[in-house]
Amino acid sequence: MADIASKADMLAKLKGEAKRLGLNLHDESGEGFKGDVESILIKWMLGKKTAVYRMSVRLAEADHVIHFREVVKESSWGLLPPTLTVEKTSVKGWERSGTHSEKPLGGGGGTVDFGRVRETLKQTVAAGGWQFRLEGGKLP
C-alpha cells in the first residue's frame, strides 16, 4: 500500500499543480482553496467573449478525501465577429470533459479544456493516497 500524504503535503501539492495550470488561488483557512482563470476566446474592438473557470478544493483529513467542485461560465458583450465554433465534449454524470474552441474568421481565438484541471488534480490526489470526490451540482 502506498504511503498516504499528510494534509499539509497534499494541500501544497494541489496548490502547486493548480498554479502550474495558470489558476489564481485564494486560500480558505487551511482547509482548502479556490482557484479561477479567465480565458479570452474572442476579443476585438466591438466586443469580447470570455470563459471563466472556477474550482474549489476542500480536504477532509479524517477520511483522506478531497472534495472538488468546478464550473465554467461563458460571457460575451458587444458585436462579435463571425466565428467558427468547435465543441467536443462528453458528459459522464457530473463530469464534463472535452474542449470548446472559438476561431474568428480574422484569426486569433481561444480554447477552453473542460477537464484539464480536474484530471491533473485527480492524478495528484491518487499519487498521494487520498480519494478524489467530485461534488456535482454545487458551485465552487
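We did not get these values from a lab; they are worked out from the coordinates using the rules stated. For clarity, every value in this text was computed on a predicted model and none was experimentally measured. Cβ coordinates were reconstructed from backbone atoms using ideal geometry, including for glycine residues, and neighbour counts include every protein chain displayed.
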(request) State yes or no: is T124 more than 14 Å from the chain's Cα centre (by Cα) and within 19 Å of L23 (Cβ to Cβ)? (result) yes
(request) Could you look through the stretch 112-140, keep only residues that are within 13 Å of M55 (Cα to Cα) and among the aliphatic types (A, V, I, L, M), and pick out the one that is surrounded by the fewest Cβ atoms within 10 Å (Cβ to Cβ)? (result) L139
(request) Determine the pairs where a residue that is within 10 Å of G30 (Cα to Cα), located within the stretch 6-17, has a partner that is acidic (D, E) with Cβ atoms under 8 Å apart, the partner being 6 or more residues away or on another chain. (result) K7/E61
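Listed here are the residues, each with its yes/no results for (1) touching a strand residue (DSSP E or B) at 6+ places or on another chain (Cβ under 6 Å); (2) farther than 17 Å from R133 by Cα; (3) surrounded by 18 or more Cβ atoms within 10 Å (Cβ to Cβ).
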{"position": "I4", "(1), (2), (3)": "no, no, no"}
{"position": "F33", "(1), (2), (3)": "yes, no, yes"}
{"position": "E70", "(1), (2), (3)": "yes, no, yes"}
{"position": "G93", "(1), (2), (3)": "no, no, no"}
{"position": "H100", "(1), (2), (3)": "yes, yes, yes"}
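In the stretch 18-29, is there at least one residue being part of a helix (DSSP H, G or I) and surrounded by 15 or more Cβ atoms within 10 Å (Cβ to Cβ)? Break it down into steps so the answer makes sense when it comes.
Pass one, the stretch 18-29, residues part of a helix (DSSP H, G or I): 18-20.
Filter again for surrounded by 15 or more Cβ atoms within 10 Å (Cβ to Cβ), leaving 18.
Yes; the residues of the stretch 18-29 include at least one that is part of a helix (DSSP H, G or I) and surrounded by 15 or more Cβ atoms within 10 Å (Cβ to Cβ).
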(message) Cβ-Cβ under 8 Å, sequence separation 6+ or interchain: first residue in the stretch 116-140 and within 21 Å of N24 (Cα to Cα) and touching a residue at least 60 places away in the same chain (Cβ under 8 Å), partner buried (at least 17 other Cβ atoms within 10 Å of the Cβ) and among the small types (G, A, S). Which pairs?
(response) V117/A18; V117/G35; L121/A18; P140/S56
(message) Against the definition (in contact with a helix residue (DSSP H, G or I) (Cβ under 7 Å, 6 or more places away or on another chain) and of a type in the set (K, R)), how does K34 come out, yes or no?
(response) no
